[in-house]
Every structure is written in structure tokens, then in C-alpha cells.
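Data first, discussion second: the structure below is written as C-alpha cells.
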Amino acid sequence: MFRLTVLYGHPTDAAAFQKYYHEIHIPLAQKMQGLQGWTIGVCEPVVAGEQPPYYMIVSLFADSRSAMETILASPAGQATIADVPKFATGGVTFVYDQEQVLIPYSLSAAGNQS
């Protein structure tokens, strides 16, 4: 499995970031065809009171790098990428990697934000 990790820096307005991300960006990104998985998570500090290095981490999964590049090159992928600067006021970093599963896991469906 191939993963694209999106690391969002801390936005100038976290509430505005969350509103835009959930109301505009997610519906736009859901139009991308071919993703095998998608996770999001707002970062928490390792030590209470400290700010984590990133605000949010997003992982997009595809069968291969080629498949991910095809997804991102599609009109829906290009629209999604073009949307990022509209809300990512804290900056954003994209990282590709080939996943190597050491302990198999399964995440529950959307809505479980434990």
C-alpha cells in the first residue's frame, strides 16, 4: 500500500480551518476516484501544554505510487490540490511513502473520533 501523508501546520484560526476543511475541502476531495483509504487526525501534544509540530495529519492510501499520481492528476485531484492554499494558513507538507505493515490493524469508519 502506498501512502501520501499531508502535514498541516498550525492555522491562524483553527475554527475557520476546521469549518472549511469539513464543509468545503472534504466534499471536494471525496470526488477523487481510486483511493483505498483516507484518515485524518488533529495532532495532540506528547507533553501536556506543548504545541505539537503539526496541527493535522492526513493520510491518503492507494495501491501504488503510480495509482496515487493518477488520482492526483485527475480533474478532481487537481481541484483538491488547488483548494489547499485557501485554508492551510499554517503551511502544508506532502510526504510519500511505501507502507510496510509490521502489525496489521483496522480503523473503524468515519465518525469515530476517539
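The values are calculated or read from the model by the stated rules, or taken from the named source; none is laboratory data. As the structure is a prediction and not an experimental result, all values here were calculated from the model. Cβ sites come from the backbone with ideal geometry, for glycine too, and all protein chains shown count toward neighbours.
For segment 72-95, which residues satisfy the criterion of being part of a helix (DSSP H, G or I), of a type outside the set (A, V, I, L, M) and touching a Leu at 6+ places or on another chain (Cβ under 7 Å)?
Once the filter is applied, which keeps residues that are part of a helix (DSSP H, G or I), of a type outside the set (A, V, I, L, M) and touching a Leu at 6+ places or on another chain (Cβ under 7 Å), segment 72-95 yields THR80, ASP83.
Which is loosely packed, with under 14 Cβ neighbours inside 10 Å, among the hydrophobic types (A, V, I, L, M, F, W, C) and either without any contact (Cβ under 8 Å) to a residue 24 or more places away in the chain or touching a Lys or Arg at 6+ places or on another chain (Cβ under 6 Å) (or both), of ILE103, ILE24?
None of the other options fit; the residue is ILE103.
From (1) among the basic types (Lys, Arg); (2) part of a loop (DSSP other than H, G, I, E, B); (3) in contact (Cβ under 8 Å) with a residue 60 or more places away in the chain, pick out the condition that doesn't hold for LYS31.
Among (1) among the basic types (Lys, Arg); (2) part of a loop (DSSP other than H, G, I, E, B); (3) in contact (Cβ under 8 Å) with a residue 60 or more places away in the chain, LYS31 violates only (3).
I'm trying to understand the selection: among the residues of segment 6-27, which are assigned to a helix (DSSP H, G or I) and either closer than 18 Å to PRO45 by Cα or not charged (D, E, K, R) (or both)?
Within segment 6-27, ALA14, ALA15, ALA16, PHE17, GLN18, TYR20, TYR21, HIS22, ILE24, HIS25, ILE26, PRO27 meet the criteria.
What number of residues in segment 34-71 are within 23 Å of PRO11 (Cβ to Cβ) and not in a strand (DSSP E or B)?
Of the residues in that region, 13 qualify.
Quick one: in segment 64-113, of everything that is at pLDDT 95 or above and among the charged types (D, E, K, R), which residue is nearest to ALA16 (Cα to Cα)?
This residue is LYS86.
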